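Working notes, beginning with the structure itself.
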Amino acid sequence: MTSVTSPLAGDPEVRALLLDELERQRTTLQLIASENFTSLAVMAASASVLTNKYSEGYPSRRYYGGNTVADEVEDLARNRAMTLFGAGHANVQPHAGSPANLAAYLALVEPGDTVLAMRLDQGGHLTHGSPVSITGKLYRFVAYGVTPAKSDGTGERIDLDQVRDLARRERPKLIVAGTTAYSRTIEPGPFREIADEVGAKFMFDMAHPAGLVAAGVHPSPVGTADVVTFTTHKTLRGPRGGAILSGTELARAIDSAVFPGLQGGPLDHVIAAKAVAFAEAARPSFKKYASQVVANASALADALEGEGFRLVAGGTDNHLVLVDLRDFDAGLTGKVAQEALDRAGITCNRNQIPNDPRPPFVASGLRLGTAAETTAGMREAEMSVVAGLLARALKGRDDPAELEAVREDVRALRKTFDPYPEGVGGLL
Ligand code: DSN
């Protein structure tokens, strides 16, 4: 890692910071449900010469010259996305998930229209109409949530009766499904039926399960929803970015909502990296990976329950687990837990649980995901070890020696499951 040929040799300050981050990712556990470790191929494409190019517009319809290669790259990415998900149209230009969602709204509804979506503290996303998001200011969002918790774990599921009742009463123009902190399968069919009954369009934000959908281990909303938005960097294991799928009938509306409606020039280097990721996700090895992500989340859930944690929705069907910390320790907040775990080398994020009595900045839950550590090679057996380390760190959160001891154990575990055993090639 001290190669004198590093392209960053002339900027030792930035290089040192990037090496520190590489070291952090290699020596601590990455359990943030929306993160992953990309392949070196994805990383190389996103660090490529296409960062120099301006290509406002779409392939064959650009506002700048010199776009022959950019056109081919974007066509490749679009075609690979369409093939991977079985969609009639793909737009791969959104810079991230939030602009992808905003572009979908721009294409499907008018400012002031009513939209039905899941509330943030119930597992939804900021761009599903939170009052602090531009989406909540532009449109009239009405929120649905989950059913009450039940002691047998069958509660805290998306409340489809509430979705139907609200849809009948509010007559939304658009119904949004999709979550950021929901550990169960989301069937698109019932949403479609409700949308059809009230004459609404249906959008599915599959940012979290996109990789699971690509691999066939989560039901696909493509073909059922009018528009499907997603990010490429979570379970899909691509570069940071967003994308939108639809049928051909909405292609023009979606494309003009992304550009010129919302964005200027696309990030062509990231589009190249998206193309790489779509091809990687089409391989048989990715199906195995995605199944293992789900199996690992389930093993992590079981082990955490064994450590005395209550799991929201009683467990998981996907890549994430939402832990309610209150049964483990009534006085332990998500914020304190996240900070203690950081000191122990376990990276995750605090999260509100449904009907959380604490505000979002404090929260009563932790959200944990298995996409990244599965990429690093961990299996069910390691998930039990991870749950034990997590419980130890939280019990010993006021004891710096115990936190350091956990950190050492994490480091040792990480040596066997290193996401970048050879470093990151010539990139640093
Ligand atoms: N960052 C995404 C997540 O963590 O789920 C939401 O924006």
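In the full protein context, segment 215-290 carries 33 Å² of accessible surface per residue, based on a 1.4 Å probe and ignoring ligands, DNA and RNA. Surface exposure of segment 1-139, expressed per residue as accessible area with a 1.4 Å probe, stands at 48 Å². Candidate membrane-span-like segments in the chain, meaning DSSP H helices with Cα atoms spread over at least 27 Å of their own axis and a Kyte-Doolittle mean of 0.0 or above, are 284-306, with no membrane implied. Taken along its principal axes, the alpha carbon cloud of segment 197-267 reaches lengths of 38, 34, 18 Å, longest axis first. Report, in listed order, any pair from K150/K288; K150/K234; K137/K201; K150/K201; K137/K173; K335/K395 with a Cα-Cα distance greater than 25 Å. Pairs exceeding the cut-off: K150/K288; K150/K234; K150/K201. The convex hull built on the alpha-carbon positions of the chain has an orientation-averaged projected area of 20.6 nm².
Shape class of segment 111-230 from the Cα gyration tensor (axes a ≥ b ≥ c, square roots of the eigenvalues): rounded, since a/c falls below 1.5. Given a 1.4 angstrom probe, I'd like the percentage of the accessible area of the chain that is carbon and sulfur, rounded to a whole number. Carbon-and-sulfur percentage of accessible area, whole number: 53.
The residue list A387, V362, A47 was ranked by how far each Cα lies along the charge dipole of the chain toward its positive end, using unit charges on Cβ atoms, and A47 comes out on top.
With the Cα gyration tensor of segment 75-161 in hand, give its eigenvalues times 5 under a square root as the equivalent ellipsoid semi-axes, listed largest first in whole angstrom.
On the way: eigenvalues 161, 79, 23 Å².
Semi-axes from the Cα gyration tensor: 28, 20, 11 Å.
Using the scaling law 2.2 N^0.38 Å as the reference, what is the normalised Cα Rg of segment 1-89?
The value comes to 1.47.
Annotation: for a label point projected 7 angstrom from Cα along Cα→Cβ of E187, residues of segment 195-239 with backbone N closer than 12 Å are 219. On full extension, the segment bounded by D113 and Y64 gains 14.1 nm, given 0.36 nm per residue less the C-alpha separation. FRET efficiency for the K150 to V385 pair, using the beta carbon distance and R₀ = 35 Å, is estimated at 0.70.
Working note: Cα atoms of segment 261-324, range along each principal axis, descending, whole Å: 50, 33, 15. When the charge dipole of the chain is built from unit charges on Cβ atoms (+1 for Lys and Arg, -1 for Asp and Glu) and taken about the Cα centre, the candidate among Y420, I254, G178 whose Cα reaches farthest toward its positive end is I254. In the full protein context, segment 369-428 carries 44 Å² of accessible surface per residue, based on a 1.4 Å probe and ignoring ligands, DNA and RNA. Note on K53: lysines with a C-alpha under 20 Å away, same-chain residues under 8 apart excluded, are K274.
Helix-derived [θ] at 222 nm for the chain: sum -39500 (n - 2.57) over DSSP H runs of at least 4, divide by residue count, nearest 500?
Counting only the DSSP helices, I get -13000 deg cm²/dmol.
The values are calculated or read from the model by the stated rules, or taken from the named source; none is laboratory data. Everything numeric here is computed off the predicted structure, so don't read it as measured data. Here the Cβ is made from the backbone with ideal geometry for all residues, glycine too, and neighbour counts use every protein chain on show. Quick note on the areas: whole protein, heavy atoms, side chains included, nothing else; ligands and nucleic acids left out. Shrake-Rupley method; radii C 1.70, N 1.55, O 1.52, S 1.80 Å.
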